[in-house]
Amino acid sequence: MRRVLVRERALLMQDVTPFRDQGCKYCREFWISHSDQPKLIGVSLEYQCHLYRCGMCQSWWEYGLNHPHVIDRELADAIAADIVQSSS
């Protein structure tokens, strides 16, 4: 239940902040060009998303079934706890 509430809050947050105002120019550029930020942290099967972190502005990004968007630390921590570790 808590995860559902955290997820709903994140969806509400993304509606409030336009993409151009999320993160920094380096991590926004990643989604539309060839920036090296943000870096992939891992994949969460429960949240069905990829978790990214920008090394420049320290923002957390979630890229799931919709479009990439900045999330708060609380949701990033919840997603990170469910990350599937790669074998490589």
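The values are calculated or read from the model by the stated rules, or taken from the named source; none is laboratory data. None of the values given here were measured: they were computed from a predicted structure. Note: areas computed on protein heavy atoms with side chains; ligands, DNA, RNA excluded. Shrake-Rupley method; radii C 1.70, N 1.55, O 1.52, S 1.80 Å.
Accessible surface calculations at 1.4 Å, restricted to protein heavy atoms, place the stretch 18-88 at 60 Å² per residue. Split the accessible area of the stretch 39-88 by element, probe 1.4 Å, and carbon with sulfur accounts for 53%. Annotation: amide H-H contacts under 5 Å for Ser59 (H modelled 1.01 Å from N, sequence separation of 5 or more, or interchain): Cys54.
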